[in-house]
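The block underneath contains the structure these notes are about, expressed in structure tokens.
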Amino acid sequence: MQVISADAEKLEVLRQSYNILQFDGEADSAKAQNILQLINGLSVLETPKVIARHPANISPEKGHDSIRTAVGYGEQNARQYIDLRFRPAFHDLLDAPQGYVDGAAINVFDTRFKWFTGNGSSNLRLESLSLFNVVSLSPMRRWRKPISWMFDFRFDRTQMSATESVRNFISRGGAGVSFGQQALIPYALLMGEWQLASSYDKGYSLLLGLQAGIRYHLKTSQFMLSYEIDDAVAGFELDKKITKLQWQYNLQVNHAVRAMYRRTQYDFFNDEDWTLDYNYYF
């Protein structure tokens, strides 16, 4: 191994080593703390540089690439399907946060197909197309009390029965608060939603509701749990309760496995859906 004599080179190697440990979720390990002490010792010879322990402060080029493709297996109301997804940009709350603002997400043209198989037949259908989705979960601090918020515009489906679904256009938004710091972010948002569908009575449904959940960043994975209640205040009676459980394990910077479970309870039907996907970023 080549001997590194210059302090600047030593400092850069130590910083890269710390970044790798930080990405692997080992920023609190004894090894990482020893490296930080060495960095601080050498930094007196250089222009001071803050080494942040928050994963979002890793430079963007060290984070995952923004284009994501996914393929996996799922089951919806006892019907098996192949899950196919493509998102050209940029980042969601389940993606590895390194290199991105933690608690923030922007998704553009996030597309999902379901290829139903079984019973001797196959059926490929467009499940959803998210035109634009943005989320900002900014935890409240003693000296700072920001508003957490989200907006979502997409084409989607409402499952009316085990085999029948209705295509619709959804615009929804919410505002509220989030708490915590670093790994854990609990949040609560007041929600408003407007759905347009020719199959609905009056052609639309206007809903108001509340969403509460948590996001937790583990060493090499992200976990989210949320529960939402929406009541129709005008148009088609589409009262619903949504329970969603999501988890992603980061295999490498651009490789991950993601699992999702969603249960939507309507007055007329309970829709259950789960998937297990492999995600690749490029």
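Helix 7-23 and the long axis of the chain differ in direction by around 30°, with both axes built from C-alpha atoms. Please name whichever of Thr111, Tyr81, Phe268 sits farthest to the positive end of the charge dipole of the chain, dipole taken about the Cα centre and charges placed at Cβ: Lys and Arg +1, Asp and Glu -1. After comparing all options, I get Thr111. Only lysines eight or more places from Lys62 in sequence, or on another chain, were considered; those with a Cα closer than 28 Å are Lys10, Lys31, Lys49, Lys219. Specify the angular offset, from 0 to 90 degrees and rounded to the nearest 10, of the alpha carbon long axis of helix 30-43 from the longest principal axis of the alpha carbons in the chain. Taking Cα atoms only, the helix is inclined about 60 degrees. Using the Karplus relation 6.51 cos²θ - 1.76 cosθ + 1.60 with θ = phi - 60°, the per-residue 3J(HN,Hα) values for the stretch 202-215 come to 6, x, 7, 9, 10, 10, 10, x, 9, 10, 10, x, 9, 10 Hz, with x marking Gly and Pro.
Give the calculated FRET efficiency between Glu75 and Ala212 to the nearest 0.05, with a Förster radius of 30 Å applied to their Cβ-Cβ distance. It would help to have the intermediate numbers written out before the result.
On the way: r = 27 Å, r/R0 = 0.89.
It comes out at approximately 0.65.
Matching the structure-derived mean projected area of the Cα convex hull in nm² against the labelled list (1) 18.0; (2) 16.1; (3) 24.5 gives the label (1). Placing R0 at 35 angstrom, the Cβ-Cβ distance between Asn119 and Leu251 gives a FRET efficiency of 0.55 after rounding to 0.05.
Listed values for the stretch 105-116 are Karplus-derived 3J(HN,Hα) couplings in whole Hz (6.51 cos²θ - 1.76 cosθ + 1.60, θ = phi - 60°), namely 8, 9, 10, 10, 6, 6, 10, 9, 10, 10, 10, 6, and x replaces Gly and Pro. Between Ile147 and Ser29, the simple label model (points 7 Å from Cα in the Cβ direction) yields a spacing of 4.3 nm.
Given a Förster radius of 35 Å and the C-beta distance between Phe132 and Lys219 as r, what FRET efficiency does 1/(1 + (r/R0)^6) yield to the nearest 0.05? Don't skip to the answer; put the middle values down first.
Values: r = 32 Å, r/R0 = 0.91.
According to the calculation, E is roughly 0.65.
Read the figures in this text as sums done on the coordinates, not as results from a lab. Predicted model, so just to flag it, every value in this text is computed and none were measured. Note that we place each Cβ from the backbone using ideal geometry, even for glycine, and neighbour counts take in every protein chain shown.
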